[in-house]
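This report concerns only the one structure given below.
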Amino acid sequence: MSKIEQVKTYTGRDLETIFFRPMLSGPDAESLGIKVMYNMPVPTTLHFWKRSGDILQKFTSGSWQGSAPADRYQKTIDLQRVKAEAGYGAEDYFNLVYEQIANRPDVNMEDLSGTELEAAETELFRSAVAESIRVTMWLGDVDRDQEGVGLNTFDGFIKRITTDIEAGETGISHFTIAESGADAEAEAILKKLWDNASDMLKASKPQGNLIYLVTSDIYANYEEALDSVVLDSAYLAKQNGREGLLFRGIPVVDVRVSEYLAEITDLPASFAILTDRRNLALAVNTSDFPGTEVRMWYNPDQMENRQRAVFMAGCDYLLPELVSFAASAVGA
């Protein structure tokens, strides 16, 4: 057997339960450090509730003396129709799928059923789609026409934040990272993000939703700074590695886009964001638009296995006051 010819098509409920929901829920989605909204009602709206102030009153009568309701902020996420396509030579494709199966300890290699092959094919394509969504979520720009880069199906967080800053949005706290600054003073960058943060952002720290989202250079430099601390615990962590970094109790997450930024000339090479993880949202929809599907088939004319996914996706942030942002100059 050297090729896989069975057509697989996911639509409707299968599209959600078999293909998309596994990658948009659970630990993988939580590790992104943002809010993931899958198949929410259209138009997809990001909400943030602000607690009321002092609601205590002197008891003067039993009649209703309620205060104004809590403030609710809303923003509609602009969803774009996108597609993902991949093609493989028949033999290469079979080897890739076979490797997916061979790495599992619970598979009988002497009796590979169609179900096993389908699951392996699905996982191969799902991983590729998930990575493209993740990277576009950060670096996407619908106006980008730089050859060989792509990432232009919908605007990502960095494009939206920097565009608002250039337009004079005063709610976003921001500063420029000096050239080579990320390599020299990651800890100082994290501290300045906190110092510059709005009172509203700082006040949300006890709720446990604050997060630093940083590029790999800043993350690596901060980890090196922790390694240099003269403590037994730091010595052990230097040898064994760390499951995750914290700065003043706030998680520091590597957004893992540096390899893509190296090829992009219209975005800063280094950036760091302090925000509430509920303030940034990725939205994916596969249920409310016609034509959404995932299809995998064999093309005998080209002797090629092909994969295609069609769906809606977009991302945005809600409150400028909940963003403290730092970035190097574009092209630096």
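The values are calculated or read from the model by the stated rules, or taken from the named source; none is laboratory data. Keep in mind the model is a prediction, meaning the values are calculated, not measured. Positions of Cβ are backbone-derived with ideal geometry, glycine not excepted, and every protein chain shown enters the neighbour counts. Areas reflect the complete protein model, heavy atoms only, side chains present, ligands, DNA and RNA absent. Shrake-Rupley method; radii C 1.70, N 1.55, O 1.52, S 1.80 Å.
Check E321, E259 and return the single one that is touching a helix residue (DSSP H, G or I) at 6+ places or on another chain (Cβ under 9 Å), open to solvent by 50 Å² or more (accessible area, probe 1.4 Å) and without any contact (Cβ under 8 Å) to a residue 40 or more places away in the chain.
E259
Would you point out the residue of segment 4-23, among those that are outside any loop (DSSP other than H, G, I, E, B) and among the β-branched types (V, I, T), that is modelled with the lowest pLDDT? If you could, list the steps in order and put the result at the bottom.
First, pick out the residues of segment 4-23 that are outside any loop (DSSP other than H, G, I, E, B): 8-10, 12-23.
In the following step, the residues that additionally are among the β-branched types (V, I, T) were identified as 9, 17-18.
Numbers: T9: 91, T17: 90, I18: 87.
If we take residues in segment 4-23 being outside any loop (DSSP other than H, G, I, E, B) and among the β-branched types (V, I, T), then I18 is modelled with the lowest pLDDT.
Evaluate segment 271-280: report whether one residue or more is of a type in the set (A, V, I, L, M, F, W, C) and open to solvent by 40 Å² or more (accessible area, probe 1.4 Å). Even if it seems obvious, please write down each step before you answer.
As a first pass, look at segment 271-280 and keep what is of a type in the set (A, V, I, L, M, F, W, C): 271-274, 280.
Remaining after also requiring open to solvent by 40 Å² or more (accessible area, probe 1.4 Å): none.
Checked segment 271-280: no residue is of a type in the set (A, V, I, L, M, F, W, C) and open to solvent by 40 Å² or more (accessible area, probe 1.4 Å).
Of the residues in segment 285-328, how many are assigned to a loop (DSSP other than H, G, I, E, B) and either closer than 25 Å to S25 by Cβ or touching a Ser or Thr at 6+ places or on another chain (Cβ under 6 Å) (or both)? Talk me through it step by step, then tell me what you get.
Our first condition is that a residue be assigned to a loop (DSSP other than H, G, I, E, B); within segment 285-328, this holds for 286-292, 300-303, 318-319.
If we keep only those that are either closer than 25 Å to S25 by Cβ or touching a Ser or Thr at 6+ places or on another chain (Cβ under 6 Å) (or both) as well, we get 286-292, 318-319.
So the count comes out to 9.
In the set G26, G114, which member is surrounded by fewer than 16 Cβ atoms within 10 Å (Cβ to Cβ) and either within 29 Å of Y260 (Cα to Cα) or at pLDDT 85 or above (or both)? So that I can check it myself, show each step before the final result.
Working: G114 fails: either within 29 Å of Y260 (Cα to Cα) or at pLDDT 85 or above (or both).
When all the criteria are applied, what remains is G26.
Of the conditions (1) surrounded by 12 or more Cβ atoms within 10 Å (Cβ to Cβ); (2) at pLDDT 75 or above; (3) under 23 Å from R306 (Cβ atoms), E99 fails just one. Which one is it?
Answer for E99: the failing condition is (1).
Consider only pairs whose beta carbons are under 6 Å apart and that are at least six residues apart or on different chains; among these, list those whose first residue lies in segment 286-306 and is of a type in the set (S, T, Y) and whose second residue is open to solvent by 40 Å² or more (accessible area, probe 1.4 Å).
Going by the 6 Å Cβ cut-off, the qualifying pairs are Y298/E5.
Here are some residues: N299, N285, N305. Which one is out of contact with any helix residue (DSSP H, G or I) (no Cβ under 7 Å at 6 or more places or on another chain), buried (at least 22 other Cβ atoms within 10 Å of the Cβ) and either of a type in the set (S, T, Y) or closer than 24 Å to V7 by Cα (or both)?
The unique qualifying residue is N285.
Among the residues in segment 191-214, are any in contact with a Leu (Cβ under 8 Å, 6 or more places away or on another chain), modelled with pLDDT under 95 and either assigned to a loop (DSSP other than H, G, I, E, B) or open to solvent by 20 Å² or more (accessible area, probe 1.4 Å) (or both)?
yes
Pairs only if they're at least six apart or on different chains, beta carbon under 8 angstrom, first in segment 29-40 and touching a residue at least 12 places away in the same chain (Cβ under 8 Å), second assigned to a loop (DSSP other than H, G, I, E, B) and of a type in the set (A, V, I, L, M); list them, first residue then second.
Listed by first residue and then by second, the contacts come to G33/V255; V36/L24; M37/I77; Y38/L24.
Could you give every pair whose Cβ atoms fall below 6 Å, whose first residue belongs to segment 196-216 and is without any contact (Cβ under 8 Å) to a residue 24 or more places away in the chain and over 12 Å from R278 (Cα atoms), and whose second residue is of a type in the set (V, I, T) and in a helix (DSSP H, G or I), counting only separations of at least 6 or pairs across chains?
Once the first residue is without any contact (Cβ under 8 Å) to a residue 24 or more places away in the chain and over 12 Å from R278 (Cα atoms) and sits in segment 196-216, no partner that is of a type in the set (V, I, T) and in a helix (DSSP H, G or I) comes close enough.
Considering only residues that are small (G, A, S) and on the phi > 0 side of the Ramachandran plot, look in segment 142-164 and name the one that is nearest to the chain's Cα centre (by Cα). Steps first, answer last, please.
Going through segment 142-164, the residues small (G, A, S) turn out to be 148, 150, 156.
Cutting the leftovers down to on the phi > 0 side of the Ramachandran plot gives us 148, 150.
Details: G148: 22, G150: 17 Å.
Restricting to residues being small (G, A, S) and on the phi > 0 side of the Ramachandran plot, the top hit is G150.
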